[in-house]
Amino acid sequence: MPVSLGVDTFKVWMWEEGTPLHLVALLNITSFPYIAKVFFGPIVDQFKIPFLHQWLGRRRSWSLVSQVIMLFGFLLMGQVFGTHHLTITIGILICISFASAFNHTALNAYRVEIMTPELNSIAAVVGGLGYRLAKLIAGAGALLLAASWGWNLTYLIIPMIFIITIITTVLVAEPEIHDHEPKVIAKGDFSEWFKTRLVQPFKDFVQKHPVDWKLITLFILLYGMGDFLIEGISTIFYLDIGFNKVEVANIAKAFGLVCTIIGGIIGGHMVLVFGINRMIYITTILHCFSYISLLMLAQVGDSLPWLYTSVLAEFITEGMKTSALVSYVSLLCGKTYYTASQYALFSSMKVILRPVLGAWAGVMATYLGWSIFFAVSMVLSLIPLFFYYRIQYQPLHHVPQN
């Protein structure tokens, strides 16, 4: 929800206020803390928040603090500064992004640690469902509220959801870890901390995959290139070709969520049946061809049947593709005190290009036009399969073969 409300939805607010598209897309840069999650994992693993750690434990204490920061950050952004003080608002958005990245790191470690390896695929689907539900509230819900009551009231109501998540964080149980806790690094000994908490998780990954670790890294790094371009300005695309906020909320957001959930369930089930290797190929190719519907929509304009067709194709295949990748990444992590560090490492790889490509999306769409923009996205989405194909020639011990 923080990314959708703080970046995606706020870009619509900026665009309606008259900000040019290429400048609106630059707001994607505020999501750069997600790249730095590789540094947040060791912090969540190593450092204990005073008082809260004794009460809630390692994972929940970090999550609670992050959620409180996000709640007050959104209230300040929407009620005090808004689009009239963009410099201050962007600063608040960066703080929210840092808090969201810490929260994401803690919750992913919580999920991996509390689930058995056999249930990781199902847990990934459930986690994806919660993510999509929050995205629906911050996307479709925010657009519907803004259409009726305005943006300021929207940014007062939606952040109240964090009150529910804060209460939930307090009530759930902390996972039990049966591994030895790493030694606490002496205060000021940053070099030792860096070596133990940042280098070691990556070194462990390289040792487990000595032949193909470079290919795996490139595959995860480039996996979402096409999506990062499109998702950065998709809502503005719908509005620009003639749809109104209510239509975008009901079809692109709400109906899109349903399609993504269905795709995620299908993808999670197919991973269990066919294995991750085949599903990576199938879902990536299907999702690439779904971009053709966006290209056609750009030609047709505000046609509701074409909008339904485009959303159906794009979001079902996106849900399938996401389930396959999350299952793949989960199997690369170990269930130890380094879980947060390792998962944050791969999570950072997945999104490291998002701020850069998202920021360039507005420039590309402005100067290339929507049709060529979507064609470029199609080509970029197929590039990762080249690296995954090369991995198939290596001994894969980290993914099921059947």
Query raised in the report: Is region 261-279 home to any residue that is within 28 Å of ALA365 (Cβ to Cβ) and either free of Cβ contacts under 8 Å to residues at least 24 places away in the same chain or basic (Lys, Arg) (or both)?
Result: no
Report task. Tell me, yes or no, whether region 321-334 has at least one residue that is over 21 Å from LEU357 (Cα atoms), surrounded by fewer than 18 Cβ atoms within 10 Å (Cβ to Cβ) and modelled with pLDDT of 90 or more. Result -> no
Query raised in the report: Could you give every pair whose Cβ atoms fall below 6 Å, whose first residue belongs to region 343-358 and is under 13 Å from SER330 (Cα atoms), and whose second residue is buried (at least 24 other Cβ atoms within 10 Å of the Cβ) and charged (D, E, K, R), counting only separations of at least 6 or pairs across chains?
Result: ALA344/LYS37; SER347/LYS37
Report task. With respect to LEU23, determine if the residue is in a helix (DSSP H, G or I) and open to solvent by 10 Å² or more (accessible area, probe 1.4 Å). Result -> yes
Query - Tabulated pairs, region 205-226, first at pLDDT 85 or above, second of a type in the set (Gly, Ala, Ser), C-beta under 9 angstrom, 6+ apart or interchain - result: TYR223/SER381; GLY224/SER381; MET225/SER377; MET225/SER381; GLY226/SER377; GLY226/SER381
Report summary line: Of the residues in region 29-54 that are without any contact (Cβ under 8 Å) to a residue 40 or more places away in the chain and not in a helix (DSSP H, G or I), the one that is nearest to PHE228 (Cα to Cα) is PHE47
Query raised in the report: Do you know which residues across region 115-174 are open to solvent by 20 Å² or more (accessible area, probe 1.4 Å), at pLDDT 85 or above and among the β-branched types (Val, Ile, Thr)?
Result: ILE137, ILE157, ILE161, ILE163, ILE164, THR165, ILE166, ILE167, THR168, VAL170
Query raised in the report: Is region 1-20 home to any residue that is assigned to a loop (DSSP other than H, G, I, E, B), crowded, with 22+ Cβ neighbours inside 10 Å and modelled with pLDDT under 85?
Result: yes
Query raised in the report: Is there a residue being assigned to a loop (DSSP other than H, G, I, E, B) and surrounded by 18 or more Cβ atoms within 10 Å (Cβ to Cβ) anywhere in region 253-270?
Result: no
Report task. Name the residue, out of LEU312, LEU297, LEU357, that is assigned to a helix (DSSP H, G or I) and either open to solvent by less than 20 Å² (accessible area, probe 1.4 Å) or hydroxyl-bearing (Ser, Thr, Tyr) (or both). Result -> LEU297
Report summary line: Considering region 365-380, residues that are over 26 Å from LEU218 (Cβ atoms) and of a type in the set (S, T, N, Q), and then whichever is most open to solvent (accessible area, probe 1.4 Å), we arrive at THR366
Query raised in the report: Pick from ILE292, ILE316: which is hydrophobic (A, V, I, L, M, F, W, C), at pLDDT 90 or above and under 19 Å from the mean Cα position of the chain (by Cα)?
Result: ILE316
Query raised in the report: Condition test on ILE230, is it crowded, with 19+ Cβ neighbours inside 10 Å and in contact with a Pro (Cβ under 9 Å, 6 or more places away or on another chain)?
Result: no
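The values are calculated or read from the model by the stated rules, or taken from the named source; none is laboratory data. This structure is a prediction, so every number in the text was calculated from the model and none was measured. With ideal geometry, Cβ positions are generated from the backbone for all residues, glycine too; neighbour counts draw on all protein chains shown. These accessible areas exclude ligands, DNA and RNA; they are computed on the full protein's heavy atoms, side chains included. Shrake-Rupley method; radii C 1.70, N 1.55, O 1.52, S 1.80 Å.
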